[in-house]
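Coordinate-derived values only; no laboratory data. These figures come from a predicted structure and were not determined experimentally. All Cβ positions, glycine included, derive from the backbone under ideal geometry; neighbour counts span all protein chains shown.
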Amino acid sequence: MDDFGTRQVTAASAPVPNRLAIHDLDCGTLRRVSLTVEPGEIVCLSGPSGSGKTRLLRAIADLDAHGGEVMLGGSNQQRTPAHCWRGWVMLVPAESQWWAETVREHCLDLSEADLAALGFGPEVMDWSVSRLSSGEKQRLAVLRALSHQPEALLLDEPTANLDGDSTRRMESWLRERIRRERLPVIWVAHDPGQIARVADRHFRIDGEQLREAPCR
């Protein structure tokens, strides 16, 4: 099992794209977190190191124990098999895990257009994982997640290891995919410039609570 905790679910079993709703969620030091993310909306999440950003994403993905309720459309996390939920509400962690020898073994179909958009040629599919830099792994982890056709996306600092040009390329490509596929997205970010560029709304962790903050 990888960081996503995913297994294949059929298209017929997955919910139609819909809002991601968190109600009174408790995890770690966070208390009674409530947040609704609409289809195609990007909500950026920021806060001090150790404030609970990653743990919140893991709770929403049903990877960490928590209180409260998480809904995707009409589907309740607590009443959904964990492997199905983690395929619908997919976490892309800051440090992705790679368990097989080649890139191809980790992904479903990746189009040449998507690979090119993030700076890769089709030959990357046959590359050994051992030759990938941290930035290449980060870009490919996002492609890998989207190849599994999730219904919602949780991004934990998806551009942290990228240079400026690669960051802007990733931001632009992700925004377009999120809008087109109408994915509700929570995106952990520290850079105010990035938040201004990608966020529809911005929340900052303040002690035990989320507080809405300006995007710019």
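Is it possible to state the helix-based mean residue ellipticity at 222 nm for the chain, with each DSSP H run of 4+ residues giving -39500 (n - 2.57), the sum divided by total residues, to the nearest 500 deg cm²/dmol? What is it? Mind showing how you got there, number by number?
Details: 6 runs with 60 residues, N = 216.
That calculation yields -8000 deg cm²/dmol at 222 nm.
Give the label of the value calculated from the structure for Kirkwood radius over Cα pairs in Å, choosing from [x] 19.3; [y] 17.4; [z] 18.4.
Among [x] 19.3; [y] 17.4; [z] 18.4, the one calculated here is [y].
Before anything else, pin down the relative contact order of the chain: Cα pairs under 8 Å, at least 6 apart, normalised by residue count, whole percent. Don't skip to the answer; put the middle values down first.
Working: 408 pairs, mean separation 66.0, N = 216.
RCO, the chain: 31 percent.
Over the alpha carbons of region 56-101, what is the largest minus smallest coordinate on each principal axis, giving the biggest first in Å?
38, 19, 15
Kindly state, to the nearest 0.05, the FRET efficiency for residue 165 paired with residue 34, given R0 = 41 Å and r defined as their beta-carbon distance.
On the way: r = 38 Å, r/R0 = 0.92.
Working from the Cβ atoms, E equals 0.65.
How many nm is it between the label spots at residue 215 and residue 131, if each spot is 7 Å from the Cα in line with the beta carbon?
Taking the simple label geometry, residue 215 and residue 131 are separated by 4.0 nm.
Using the basic label-point model (7 angstrom from Cα toward the beta carbon), what is the residue 101 to residue 172 distance in nanometres?
Reported label-point gap for residue 101 and residue 172 is 3.7 nm.
Suppose R0 equals 41 Å; then what is the FRET efficiency for residue 182 and residue 208 from their Cβ-Cβ distance, rounded to the nearest 0.05?
Numbers: r = 32 Å, r/R0 = 0.77.
About 0.80, to the nearest 0.05.
On a 0 to 90° scale, report how tilted helix 164-181 is relative to the longest principal axis of the chain, with both axes built from alpha carbons and the result rounded to the nearest 10.
It is inclined by approximately 70 degrees.
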